[in-house]
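Novice: Once you've had a glance at the structure underneath, I'll fire off some questions.
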Amino acid sequence: EAQVTQNPRYLITVTGKKLTVTCSQNMNHEYMSWYRQDPGLGLRQIYYSMNVEVTDKGDVPEGYKVSRKEKRNFPLILESPSPNQTSLYFCASSSAGYNEQFFGPGTRLTVL
Amino acid sequence: GQNIDQPTEMTATEGAIVQINCTYQTSGFNGLFWYQQHAGEAPTFLSYNVLDGLEEKGRFSSFLSRSKGYSYLLLKELQMKDSASYLCAVRLRPGGSYIPTFGRGTSLIVHP
């Protein structure tokens, strides 16, 4: 089944404790991206990648890192999480020659 | 720059027709998307417009006017399950990034 998976789905952590949210897609898509979604603000782009070893900042990259060492994986790293990073996070992927983005199920992160 | 505007909330009656507008002020426009998102779930793709005109897909239609920076999503024969958020997203930079930027979404409430 074609899908984008994210782990964990839910995470409660404390300020400053490094964490990684994994994202994996099995559709051989070139493009992958991370969004955060907050009430009243909609989906905001954090980072995106157009291919292996090619990443670029989105609209709200501060406090986040990403890597794209393999085509299928695009982890989101929070080196020192803070409470303002409490949010719902979505990973998405799409192919270079097609338009539709496929979204993962979301990761709800709470930073205390 | 980019500025994507859509109403925050709309209500409609089951069986009726509703039109959700989206206006954008962007440079390097290269296509507009509509996504549907039910509460707590991932967004799912509805439509994509890159040329002016109306695209019809079952009960849903999407319209684009590039000269006016305007799009709408038309939902016919509304059903209760259409209660959701509808996200307008614009893709920028022709030939460059294919990652769209999202508006804040319109929450549609369908009542009996």
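Novice: Determine the sum of side-chain charges near A:VAL66: Lys and Arg each +1, Asp and Glu each -1, restricted to other residues whose C-beta is under 11 angstrom from that of A:VAL66. Don't jump to the answer; show the numbers that get you there.
Specialist: Working: positive: A:LYS57, A:LYS65, A:ARG68, A:LYS69; negative: A:ASP56.
Once all neighbours under 11 Å are counted, the net charge is +3.
Novice: Summarise the partner chain shielding of B:99-106 as one whole number: the mean count of Cβ atoms from other chains within 10 Å of each residue's Cβ. Kindly include the intermediate steps, with their values, before the conclusion.
Specialist: On the way: counts 14, 7, 7, 8, 2, 7, 5, 0.
The shielding value for this peptide is 6.
Novice: Still on this structure, I have one more. Please compute the alpha carbon radius of gyration of chain A, then divide it by the globular-protein estimate 2.2 N^0.38 Å. Two decimals is fine. Kindly include the intermediate steps, with their values, before the conclusion.
Specialist: On the way: Rg = 13.2 Å, N = 112, 2.2 N^0.38 = 13.2 Å.
Against the empirical 2.2 N^0.38 Å value, I get 1.00 for chain A.
Novice: Test of understanding: extend the Cα→C-beta vector of B:ALA16 to 7 Å, then name every residue of segment B:41-82 with backbone N under 11 Å from that spot.
Specialist: B:78
Novice: Using r as the Cβ-Cβ distance of A:ILE12 and A:ALA96, and R0 as 41 Å, what FRET efficiency do you calculate, to the nearest 0.05? Walk me through the numbers before you get to the answer.
Specialist: On the way: r = 37 Å, r/R0 = 0.90.
The calculated FRET efficiency here is 0.65.
Novice: Listing B:ILE17, B:ILE4 from the residue with the fewest other Cβ atoms within 10 Å to the one with the most, what is the order?
Specialist: Details: B:ILE17 13, B:ILE4 22.
Going from sparsest to densest Cβ surroundings: B:ILE17, B:ILE4.
Novice: Relative contact order for chain A: what is it in percent, counting Cα pairs under 8 Å that are at least 6 residues apart? Spell out each step's value before the answer.
Specialist: Values: 295 pairs, mean separation 40.2, N = 112.
That works out to 36 percent.
Novice: Taking the Kirkwood radius as the inverse of the mean 1/r across Cα pairs, report the Rg/Rh of chain B.
Specialist: Details: Rg = 13.6 Å, Rh = 14.1 Å.
Ratio value, two decimals: 0.96.
Novice: Given contacts defined as C-alpha pairs under 8 Å and at least six residues apart, what's the relative contact order of chain B, whole-number percent?
Specialist: Working: 287 pairs, mean separation 40.7, N = 112.
RCO, chain B: 36 percent.
Novice: So, one more: I need A:LEU11, B:LEU73, B:LEU92, A:LEU112 ordered by Cβ neighbour count within 10 Å, fewest first. Write out the running numbers ahead of the final one.
Specialist: Working: A:LEU11 15, B:LEU73 25, B:LEU92 19, A:LEU112 10.
Fewest-to-most Cβ neighbours within 10 Å comes out as A:LEU112, A:LEU11, B:LEU92, B:LEU73.
Novice: Just counting partner chain Cβ atoms within 10 Å, what average do the residues of peptide A:47-58 show around their Cβ?
Specialist: Working: counts 1, 3, 1, 4, 0, 0, 0, 0, 0, 3, 0, 3.
Shielding by partners across A:47-58 averages 1.
Novice: Select from segment A:2-60 those trypsin sites (Lys or Arg not before Pro) which occupy a DSSP coil region and have at most 15 other Cβ atoms within 10 Å, ordered by residue number. List each step's numbers first, then the result.
Specialist: On the way: sites: A:ARG9, A:LYS17, A:LYS18, A:ARG36, A:ARG44, A:LYS57; in loops: A:ARG9, A:LYS17, A:LYS18.
Qualifying residues, ordered by number: A:ARG9, A:LYS17, A:LYS18.
Novice: Got a sec? How would A:ASP59, B:ASP52 order by Cβ neighbour count within 10 Å, fewest to most? If you can, show how the numbers build up before the last one.
Specialist: On the way: A:ASP59 14, B:ASP52 11.
Placing the least packed residue first, the sequence is B:ASP52, A:ASP59.
Bear in mind these aren't lab numbers, they're just calculated from the coordinates by the rules spelled out. Quantities reported herein were computed from a predicted structural model and do not represent experimental measurements. Every residue, glycine as well, gets a Cβ built from its backbone with ideal geometry; the counts of neighbours run over all protein chains shown.
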